[in-house]
Amino acid sequence: MSVVYILWLRQLKRSSRSKARIVASFGQPLLFLLAFGFGFGPVFSRAGQGNYIQFLAPGVIAMSILFTAIFAGIEVIWDRQFGFLKETLVAPVPRILIMLGRTLGGATVAVLQGILVFGLCLLVGFRPATLSLVPLGLLYMLLTALLFTAVGTALGSMMPDFQAFQLVMNFLVMPIFFLSGALFPLTNVPRALLIVASLDPLSYSVDGLRHSLIGLAHFGAALDLAVLSVVTAGVLVLGAYAFSKIQV
């Protein structure tokens with residue numbers, strides 16, 4: 001387990017050095033909160049749905065975790081091209097431990113990013129409905145971060161270069177986000193859209209965060225937690241398999 005700890009610590013140090021990346025990562029959540037939150041707020045309120053900032057904030061937190069976590073996979077390609085991954089893989093430890101250490105490191109950074117964006121939401125007027133459920137929100141953040149860091153690591157293990165990875169990520173990330181119900185309620189949407197949203201794992205992250213932060217849930221807290229736990233475990237297994245087959 002020392003290998004897992006070392007790789008986890010290395011991932012944290014690498015991310016902490018990239019101060020420009022951390023600052024830039026606030027740009028998109030802030031844009032969504034200001035442009036969508038205040039722009040569509042009056043329309044949302046007139047439709048009888050309440051305060052749009054309250055509704056939007058959990059979706060923006062999930063979005064920040066999604067982007068940070070899934071793009072952690074690009075570091076697999078980076079390490080492979082510059083030789084560090086080869087040095088790591090020759091160590092006499094199972095590759096699954098190496099993959100686990102990298103995934104935990106990327107997930108920790110993504111959760112910290114989510115916590116910082118949560119603070120940003122507080123600054124623009126968001127208020128949790130029940131403080132006692134905020135720790136449950138942290139659990140949803142962790143599961144979301146583990147899930148999409150494992151997805152990024154698995155895809156990074158199979159992609160030959162940065163360009164291919166970015167194309168695949170852009171093809172996946174935007175539909176995952178926009179179809180999750182992060183920006184709109186899933187009640188009274190067309191049935192086809194609801195089916196697609198039900199197949200999107202981020203939908204359960206957003207729904208779970210909404211339940212824990214504002215007391216609003218479409219699928220139900222128990223189903224959110226169950227789906228996220230099962231899907232995260234499955235993706236970790238698939239990610240470990242993909243990483244075990246990586247060529248350096």
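The set of residues in region 115-154 being farther than 14 Å from residue 224 by Cβ and of a type in the set (Phe, Trp, Tyr) consists of 118, 126, 148.
Of the residues in region 147-160, at least one is surrounded by fewer than 14 Cβ atoms within 10 Å (Cβ to Cβ) and either at pLDDT below 90 or within 24 Å of residue 243 (Cα to Cα) (or both).
Report whether or not residue 157 is among the hydroxyl-bearing types (Ser, Thr, Tyr), out of contact with any Asp or Glu (no Cβ under 7 Å at 6 or more places or on another chain) and without any contact (Cβ under 8 Å) to a residue 40 or more places away in the chain.
no
Of everything in region 170-228, what is assigned to a loop (DSSP other than H, G, I, E, B), of a type outside the set (Gly, Ala, Ser) and without any contact (Cβ under 8 Å) to a residue 40 or more places away in the chain? Give them in sequence order.
Here is the first cut: in region 170-228, the residues assigned to a loop (DSSP other than H, G, I, E, B) are 179-190, 200, 215-220.
Filter once more, keeping what is of a type outside the set (Gly, Ala, Ser): 179, 183-190, 200, 216, 218-219.
Within region 170-228, 179, 184, 186, 187, 188, 189, 190, 200, 218, 219 qualify.
If you go through region 161-182 and keep only what is of a type in the set (A, V, I, L, M, F, W, C), surrounded by fewer than 17 Cβ atoms within 10 Å (Cβ to Cβ) and more than 26 Å from residue 193 (Cβ to Cβ), you end up with 162, 164.
Restricting attention to region 98-135, the residues that are more than 22 Å from residue 30 (Cα to Cα), surrounded by fewer than 17 Cβ atoms within 10 Å (Cβ to Cβ) and in contact with a helix residue (DSSP H, G or I) (Cβ under 7 Å, 6 or more places away or on another chain) total 1.
The values are calculated or read from the model by the stated rules, or taken from the named source; none is laboratory data. Quick caveat, the model's predicted, so the values are computed rather than measured. Neighbour counts are summed over all protein chains in view; Cβ atoms, including those assigned to glycine, are modelled from backbone coordinates with ideal geometry.
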